[in-house]
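Shown next, in structure tokens, is the structure this report addresses.
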Amino acid sequence: MNLKNKTILLGVTGGIAAYKSASLASMLVKSGAEVRVIMTSHAVNFINPITFESLTGNKCITDTFDRNFEFKVEHVALAKKADAIIVAPATANIIAKLAHGLADDMLTTTILASAAPKLIAPAMNTGMYENPITQDNLTLLAKYGMKIIKPADGYLACGDTGTGKMPEPEVLYEHILQCCAYKKDMSGMKVMVTAGPTQEAIDPVRYITNHSSGKMGYSIARACALRGADVTLITGKTALKPPLFTTIVPVVTAKDMYEAVVSHSKDMDIIIKAAAVADYRPAKVSDEKVKKTDTELSIPLERTDDILQYLGLHKRSGQILCGFSMETENMLENSRKKLVKKNLDMIVANNLKMKGAGFETNTNIVTMITDDETIELPIMEKEDVAFHILDKLLSL
Ligand SMILES: Cc1cc2nc3c(=O)[nH]c(=O)nc-3n(C[C@H](O)[C@H](O)[C@H](O)COP(=O)(O)O)c2cc1C
């Protein structure tokens, strides 16, 4: 319930993408928000207000002069109540009106009256979007402090392919979370997170890797970004969508990851190593092995670079270093040894033998170990584990 006790005002205008805003409204409600929807009179040609009323449990407002009102002066009351306002989709028309202070309907009037943070998600034909008039209007909105959510590229309803597609509701939802769901207690901090598996080629076809899905590291990077940190995510190949608001550094091998870590780690305030590096790589990669049968395949292996050891040795004063341990036995004892040996401030131990913990699950069961504390967390979603880990790291 990330948006519990928050009021989100969703403005819907007359574009084809209006149908996607129903999913957004639903996500916001599921996340605990009180959702108020204001539609322009043109928007009701694209989606029926009843859809939003059913999803939010609130009257959907379309008319400034509706006498069946709930508040004394409705647009002012809504303007004050909102923790955030999002206009999605935002037509070229509403963008122009907002840029110039027009207030000729309930949506524009409410937005003009509100001091809440405002997000604008333009959605239109590429020609309309790229028109210098629209671009100038968007620049004006940004100047007035509104956040413009860049439209995506793709196939548009008008048949063109180009920029102007409204981002998916999941993306808009993340923008709302970043805008108002969390306190920005990591603002000004630089955080580096490593995530995912590394791959070591045996030959041009096969490779050595591990079962890491990247979910834990990605959840941590996302949580840091939502709490205001400047996040660099160094990631091996995963099937996950990269978290928004982070700088992604893609890598493949342990050597790539080591080099990326060396070049990015120096000025970081917090480093969290959640990647599962393949411990071994073939000493020599050969084209010939491809042709051989499995029984003939015998590969001399060598250890890959110890990234955590590098980080521990080069930890500067004030920098916080957190690692993970995956143990199948003697979890606490082995993890504590690693905490000391690698010069970590905290180690997060997960026992691979427990159901609901470890590599590919959405949940995890972890124990956070510092010099003087051992804190066991119950089973929970990796997204929630991430927030607990950050709370603890910030308290060190
Ligand atoms: C079928 C159809 C689709 C439209 N799609 C869009 C659109 O995606 N984006 C846009 O800016 N305008 C679009 N328009 C034009 C707007 O509906 C029109 O500019 C209207 O005045 C917008 O009013 P509003 O901003 O008050 O909702 C579309 C019009 C029609 C008839």
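The values are calculated or read from the model by the stated rules, or taken from the named source; none is laboratory data. Everything numeric in this text was worked out from a predicted model, so none of it was measured. Heads up, the Cβs are rebuilt from the backbone with ideal geometry, glycines too, and the neighbour counts pull from every protein chain shown. Ligands, DNA and RNA are stripped out before the accessible areas are found, and what is left, the full protein with its side chains, is counted by its heavy atoms. Shrake-Rupley method; radii C 1.70, N 1.55, O 1.52, S 1.80 Å.
Give me the residue from the stretch 117-129 that is within 10 Å of the ligand (Cβ to nearest atom) and assigned to a loop (DSSP other than H, G, I, E, B) and, out of that set, surrounded by the fewest Cβ atoms within 10 Å (Cβ to Cβ).
Within the stretch 117-129, the first condition is being within 10 Å of the ligand (Cβ to nearest atom), and the residues that meet it are 122-125, 128-129.
Narrowing further to those that are assigned to a loop (DSSP other than H, G, I, E, B): 123-125.
Numbers: A123: 28, M124: 27, N125: 19.
Among residues in the stretch 117-129 that are within 10 Å of the ligand (Cβ to nearest atom) and assigned to a loop (DSSP other than H, G, I, E, B), the one surrounded by the fewest Cβ atoms within 10 Å (Cβ to Cβ) is N125.
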Have a look at A25, A18 and point out the one that is in a helix (DSSP H, G or I) and more than 16 Å from the ligand (Cβ to nearest atom). A25
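Name every residue in the stretch 86-96 that is assigned to a strand (DSSP E or B) and within 12 Å of the ligand (Cβ to nearest atom), in order of residue number. Steps first, please.
Going residue by residue through the stretch 86-96, those that are assigned to a strand (DSSP E or B) are 86-90.
V87, A88, P89, A90, listed by residue number.
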Please indicate, with yes or no, whether at least one residue in the stretch 201-217 is modelled with pLDDT of 95 or more and under 26 Å from I16 (Cα atoms). no
Could you check the stretch 303-333 and list, in sequence order, the residues that are modelled with pLDDT under 95 and polar (S, T, N, Q)? T304, Q309, S317, S325, T328, N330
How do the pairs read when you match residues in the stretch 155-169 that are more than 20 Å from L138 (Cβ to Cβ) and open to solvent by less than 80 Å² (accessible area, probe 1.4 Å) with residues anywhere that are modelled with pLDDT of 80 or more and within 13 Å of the ligand (Cβ to nearest atom), using Cβ under 7 Å and keeping only pairs 6 or more apart or on different chains? A157/I16; P169/K20
Filter the stretch 3-20 down to the residues that are farther than 12 Å from T40 by Cβ and among the hydroxyl-bearing types (S, T, Y) and list them by number. T7, Y19
Just to verify a result, which residue in the stretch 170-189, among those that are assigned to a loop (DSSP other than H, G, I, E, B) and hydroxyl-bearing (S, T, Y), is most open to solvent (accessible area, probe 1.4 Å)? S187
Can you work out which of the residues in the stretch 97-116 that are more than 15 Å from the ligand (Cβ to nearest atom) and out of contact with any Leu (no Cβ under 8 Å at 6 or more places or on another chain) is least open to solvent (accessible area, probe 1.4 Å)? A113
Condition first: within 15 Å of the ligand (Cβ to nearest atom) and open to solvent by 20 Å² or more (accessible area, probe 1.4 Å). Now tell me which residues in the stretch 130-149 satisfy that. E130, N131, I133, Q135, I148
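Among the residues of the stretch 10-30, what is the count of those that are over 18 Å from P167 (Cα atoms) and open to solvent by less than 10 Å² (accessible area, probe 1.4 Å)? Reasoning before the result, please.
We begin by selecting, within the stretch 10-30, every residue over 18 Å from P167 (Cα atoms); these are 29-30.
Next, only the ones that are open to solvent by less than 10 Å² (accessible area, probe 1.4 Å) stay: none.
Selection size over the stretch 10-30: 0.
Quick grid of which residues meet (1) touching a residue at least 40 places away in the same chain (Cβ under 8 Å); (2) crowded, with 24+ Cβ neighbours inside 10 Å:
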site: T209; (1), (2): yes, no
site: V231; (1), (2): yes, yes
site: T235; (1), (2): yes, yes
site: V249; (1), (2): no, no
site: T253; (1), (2): yes, no
